1. Kindly provide the Kirkwood hydrodynamic radius of segment B:3-61 in Å, to one decimal, from all pairs of distinct alpha carbon atoms.
2. Residue A:116 to residue A:95: FRET efficiency via 1/(1 + (r/R0)^6), r the Cβ-Cβ distance, R0 30 Å, to the nearest 0.05?
3. As I understand it, the value is the acute angle between the Cα axis of helix A:10-20 and the longest principal axis of the Cα atoms of chain A; what does it come to in degrees, rounded to 10?
4. Expressed in nm², what is the orientationally averaged projection area of the convex hull enclosing the Cα positions of segment B:87-130?
5. As a test of understanding, state the convex hull volume per residue of chain A from its alpha carbons, in Å³.
6. Report, in degrees rounded to the nearest 10, the 0 to 90 angle that the Cα long axis of helix B:229-243 makes with the longest principal axis of chain B.
7. Once the Cβ-Cβ distance between residue A:44 and residue A:209 is put in as r, and R0 is 60 Å, what FRET efficiency do you end up with, to the nearest 0.05?
8. Using only the Cα atoms of segment B:4-218, build the gyration tensor, take square roots of its eigenvalues as a ≥ b ≥ c, and label the shape rounded, prolate or oblate: rounded if a/c is under 1.5, else prolate if a/b is larger than b/c, else oblate.
């Protein structure tokens, strides 16, 4: 049994899939630490533009929208994401046509579930992201999502806050999307970032907390529903929930 | 800039308006402007009562000339009063919006002075926000009954959604509890806006539809007056048909004000929940109000309206999951619009068995009694048995021994509305 170890990028996954497609019980993973089974052979995969392109061409020929599906699956924050994507890719190539609608097939069920987790979190963070005004007028928004969704939410904020320079910082992965009012780049960041805040920030944050308290109807408590829609792990960066 | 004290007063007076949706509009950002609208709507936070915060819900003023009995802001009430200027509202909206706290503004007001004067101030706020502050996010404006129709239709060109609250489901109750309002004062502007929107949609010369892109909604208080659920649903159905409303909100009565004409206790949230279920059946499942509940009937408490309908119509079931048309799939208890869609997609490629449905996350707890999968039936055929089983599965632990002195507590499901 072969274990293909990738560097976590999409290109590297497609390169690995080139060999892994016909390799019946193999594992592709990008995890830093994993359990090797007896008799397993580790293969380190280096990105190969030609192999990657051949796999991608085949995938596109089967279903032009499939590369996006696979890209979404590979953004998942769990270690089995490459295997889910490989299962989907295998079924796709074997069928030779879009498989998205075969909703009772196990590989499609799994792929759809993982995709849903990524797109749902991206949608949630269009709402749960919180900007703070910095001293230099740049708005700073830290967040720590489960999945790698920074690139998925950036276009939304670029359209919405087009006149506002901002930084969206994924603290879990050390990535930041920086926008200066004209163009946007994604950069690696240091582990700890210190941002001096504008003086008015505390005032508006206080008003927001006051609003949050006032708009609640105390006669109708339903905390379970609140936590279902707004999981506790996201509260760290929400001013209205911090410290509760 | 507005201070925390006034914000608190103006928000607490506005919070009983249920509507907080920000969907239905695709307004784009303009050059140099801030904000856009997201067609699916975005929730930005959730309060401990389980409701979402999507819009900055605020009154322009809570000094009210009217004296509606159920309202905490009525003229006779002894509550702190405050008002805000249009600029204050605009600045607050922009400051919150830039921090991604909110999706837009929900502006309402008490009738401060005359309806026309109030509506004028609200209109000024909205126009300022759009023109001076260059705001292109979502705006929901509450209409003031009896305001001039020109003001109303002018406002509709700047906002995404407008709503007039019907408040009480019959004219008699309205006369009793809200003497200054009448059925006409609420329904006429709704009708006028619906007609103008239709005319706007038919005007082919224009490329962009700017007249109330997210339509109209309304709200009714349930339990403050004696109307039955059947009556309420008929009213909703008529409004959906005549005014092309997007939503009717139901708010179960919470006693914030004590009065001899008003009930003492909260109406359980379960009633509200059942009404919403029935409302969804009207809008997305092809049901009519007549099928769901008779004119003088209330919705059953122990099972959902679709289940109740199915139990009354057992001769139509079971349906074969691999062949049934969409309309019939939608009528199976437990199968929602998403489940029905999944079944339609999947069955084009493979015959679906019971295990397949479970894997596809179609909820089968109720559905199994009403479907066959590839000819096999997994439920119980006797309607009485089904009824008993559904009830047992729903609320086995609902009942308790009462003591002489304990106050009869409302069970959790009556509070949360969930089963």
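What follows is calculated from the coordinates using simple rules that are stated; it is not laboratory data. None of the values given here were measured: they were computed from a predicted structure. Every residue, glycine among them, receives a Cβ derived from its backbone with ideal geometry; neighbour counts consider all protein chains shown.
1. Here the Kirkwood hydrodynamic radius works out to 13.2 Å.
2. For residue A:116 and residue A:95, the calculated efficiency is 0.90.
3. Once rounded, one gets 20 degrees.
4. 3.1 nm²
5. 175 Å³
6. Helix B:229-243 sits at roughly 60 degrees to that axis.
7. 0.75
8. Oblate, since a/c reaches 1.5 and b/c is not below a/b.
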